[in-house]
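What follows is a set of notes on a single structure, which appears directly below.
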Amino acid sequence: MFFRRKQSQATPASSTVASPLAPVTNGSAAPAAATTFASTMMDDYPLTVQYILQRATQYFPKRELVTVTAEGYERSTYGELGQRVTRLAAALARLGISKGDRVATLGWNTTRHYECYFAIPSMNAVLHTLNLRLPADQLSFIISDAQDKIIVADADLVPLLEKVKDSLGSVQYIIVMNGPVPTVGAGMPPLLDYEQVIADAPTSFAWPAINERDACAMCYTSGTTGNPKGVVYSHRSTFLHAISVTQADTLGISGHDTAMPIVPMFHVNAWGLPHAAGMVGTKIVFPGKFMDPARVAQVLADEQVTLTAGVPTIWIGLVQVLNQRPDLDLSRLTRVVCGGSAAPRALIEGLDKLGLNLVHAWGMTEMSPIGTVANIKAGLDDATPEEKLRYRSKQGYAVPLVDIRIMDLETGQTAPWDGVTFGEIQVRGPWIAASYYHDPNPADKFIDGWFRTGDVATIDPEGYVEIVDRTKDVIKSGGEWISSVQLEGILMGHPQVLEAAVIGLPHPKWQERPVAAIMPKPGAEGALTPEILTAFLQDKGVAKWWLPDRYVIGMAIPKTSVGKFDKKVLRAQLAQEITLGE
Ligand code: ADP
């Protein structure tokens, strides 16, 4: 079974170690009745992924784990997972993996990937999830920077590794899962078959003692400016985050749920859902690589999913599908968690009409990721439906243990929570990064214990955060700020607009002016004009000086590796075509 020890074992046993609770004696003899609480306090039990694994297998062995495949569904249980995880850890140890070694994964959302989520941290190695949509130069950088020793990769993704084979110097093996081992050219590390590796491994493993502050997992930011930056999660941060998302007033993930993470397992640990699920025994449905809205809708119905999570583009597609498929029964789906980009109000309303509840959340790689969730706060139950919709459209209020503030963009001073003043969000808390791997404090990202998120927001008197932009995307026109996110949200409320992305382009007089790229809904091509869109924005009360100077209608909006609008690419594309102020 699992090895349990007290954190205090890591501390030298000497009685001379100072305790913050020991009374100061100034060198004289301690008073006879001096109270030192050190030996009378709570058990210093380590908070580790190993514990979550033990709990998942001990209490919920029959709970199902399902992976969507080309043929249908592949089914197993937490009980089977426990046995396979033990063998996988034993096999990795035989292959030379020990404490602190990085073992990377390059995979779709599958049960085998979930096995890696437990085996690697529980043997005190570090799970490094690689983003399969990154360009080759970034993938190379990340693998070299992390010095991954083994990569566990899906069979159909091995070609991605061949493209970066010159950067695999630290990699001793590639273990191939979810398909037969492919034939590769010269210069690649040896390839092993995942199932064979597990079959050949011992059925037991001496799990090491883990300190909760040991590294557990790592993930790189997408590197929209410069190289990606590594964020290292500890066992403690992962554990506390997992508990957090099981709280009723956050995402409320329960053992009675059937959860489907559409958010990729390489995108900030699938937002913490997998570890939370193991803690409470949630049935998980992994979509594999089948993330198109039609298939997602079918799986949600087939498996009677109760909670799902993904970026807005997925849900925009889902609404389209569900409007065509009233036959699908999604009556058990109570939470559609949406994060990664702002959920347009029209999307929330579209899901409401289908009887589905969008739960808006905000966070980032450096925050494990959850920082705020837009549930209706205690005390606001009597708000009108319109007020509630307004709160739900914001990014929400901070979850317990996350501390948040906004800093005025001009003065750098704390900005008021008046719902109007823009400020950069800064956060701190037990699952917020305190530095980057190999790059402790780039451009002063960490100040006085706070992490500068680079997101600009307002906070209202109730504490609800509304993201206005990223600092690099907010549009500065004539000395005033324009929120590209708010313009996008309104434009996507037009019944014929599928997607809208707004960027600022240089303007000789105003410094920057907004330009909107618009993708109409299928069938609405040709129906939209700049005049129609301007009239729509004015009708919604948008100030005249916020109105976009140009619209580019009918263009495919570029997306990032995790499905968000790629404004850096869009800005570069449009800057080539458009010169403002002429
Ligand atoms: P990447 O940098 O690759 O996009 P992250 O997932 O870490 O990776 O992105 C975090 C950023 O995504 C946040 O800083 C914020 O700008 C944006 N974001 C996340 N959730 C929301 C949301 N609900 N509304 C608006 N923006 C969001």
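The values are calculated or read from the model by the stated rules, or taken from the named source; none is laboratory data. Since we're looking at a predicted model, the values are computed, not measured. Backbone-built Cβ (ideal geometry, glycine too); neighbour counts: all protein chains shown. For the accessible areas, the whole protein counts, side chains as well, though only heavy atoms, and no ligand, DNA or RNA atoms are used. Shrake-Rupley method; radii C 1.70, N 1.55, O 1.52, S 1.80 Å.
Couple of notes before you dig in:
- If you check G317, G281 for being touching a residue at least 24 places away in the same chain (Cβ under 8 Å), in contact with a helix residue (DSSP H, G or I) (Cβ under 7 Å, 6 or more places away or on another chain) and farther than 24 Å from K559 by Cβ, only one passes: G281.
- Filter result (open to solvent by 20 Å² or more (accessible area, probe 1.4 Å) and over 17 Å from P495 (Cβ atoms)) within segment 303-320: Q304, T313, I314
- Taking segment 424-474 as the range and being over 21 Å from Y233 (Cα atoms), at pLDDT 95 or above and not in a strand (DSSP E or B) as the test, the residues that pass are D460, P461, E462, G463, Y464.
- Complete set of residues in segment 400-415 that are open to solvent by 40 Å² or more (accessible area, probe 1.4 Å), within 16 Å of the ligand (Cβ to nearest atom) and not charged (D, E, K, R): L409
- Leading residue by the ranking (nearest to the chain's Cα centre (by Cα)) among those in segment 554-565 that are under 30 Å from T129 (Cα atoms) and part of a loop (DSSP other than H, G, I, E, B): V562
- Helices (runs of 4 or more DSSP H) fully within segment 85-176 counting 3 or more residues that are over 23 Å from the mean Cα position of the chain (by Cα): 158-163
- Qualifying residue in segment 383-399 (condition: outside the structural domain of A217 (by TED's automatic domain parsing), polar (S, T, N, Q) and more than 14 Å from the ligand (Cβ to nearest atom)): yes
- Of all residues in segment 221-237 being modelled with pLDDT of 95 or more and open to solvent by less than 20 Å² (accessible area, probe 1.4 Å), the one that is nearest to the ligand (Cβ to nearest atom): V231
- Scanning segment 446-458 for residues that are at negative phi and away from the ligand (no atom under 12 Å from the Cβ), we see that the one that is surrounded by the most Cβ atoms within 10 Å (Cβ to Cβ) is T458.
- Checked against (1) open to solvent by less than 20 Å² (accessible area, probe 1.4 Å); (2) within 15 Å of the ligand (Cβ to nearest atom); (3) closer than 26 Å to P274 by Cα, P344 passes all but a single condition, namely (3).
- All of (1) of a type outside the set (D, E, K, R); (2) more than 28 Å from L240 (Cα to Cα); (3) within 12 Å of the ligand (Cβ to nearest atom) hold for Q324 with one exception: (3).
- Residue match in segment 212-224 (condition: part of a loop (DSSP other than H, G, I, E, B) and touching a Phe, Trp or Tyr at 6+ places or on another chain (Cβ under 6 Å)): no
- Inspection of segment 184-192 identifies no residue that is outside the structural domain of G454 (by TED's automatic domain parsing), within 25 Å of the chain's Cα centre (by Cα) and among the aliphatic types (A, V, I, L, M).
- Of all the listed residues (S204, S167), the sole one being touching a Ser or Thr at 6+ places or on another chain (Cβ under 6 Å) and farther than 28 Å from P287 by Cα is S167.
The rows are residues; the columns are (1) open to solvent by 30 Å² or more (accessible area, probe 1.4 Å); (2) more than 21 Å from V337 (Cα to Cα); (3) of a type in the set (D, E, K, R).
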| site | (1), (2), (3) |
| --- | --- |
| N375 | yes, no, no |
| E387 | yes, no, yes |
| D418 | yes, yes, yes |
| F422 | yes, yes, no |
| S435 | yes, yes, no |
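- Candidate set: segment 238-262, residues that are touching an Asp or Glu at 6+ places or on another chain (Cβ under 8 Å) and either of a type in the set (S, T, Y) or open to solvent by less than 10 Å² (accessible area, probe 1.4 Å) (or both); chosen: the one nearest to L273 (Cα to Cα): M260
- Checklist (1) free of Cβ contacts under 8 Å to residues at least 60 places away in the same chain; (2) in contact with a Ser or Thr (Cβ under 8 Å, 6 or more places away or on another chain); (3) open to solvent by less than 20 Å² (accessible area, probe 1.4 Å) applied to L528, failing item: (2)
- When segment 347-372 is limited to residues that are closer than 18 Å to T258 by Cβ and open to solvent by 40 Å² or more (accessible area, probe 1.4 Å), the one that is farthest from the ligand (Cβ to nearest atom) turns out to be G355.
Yes or no, residue by residue, for (1) closer than 22 Å to E74 by Cβ; (2) within 25 Å of the chain's Cα centre (by Cα):
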{"position": "E195", "(1), (2)": "yes, no"}
{"position": "E212", "(1), (2)": "no, yes"}
{"position": "V231", "(1), (2)": "no, yes"}
{"position": "H241", "(1), (2)": "no, yes"}
{"position": "I253", "(1), (2)": "no, yes"}
{"position": "T258", "(1), (2)": "yes, yes"}
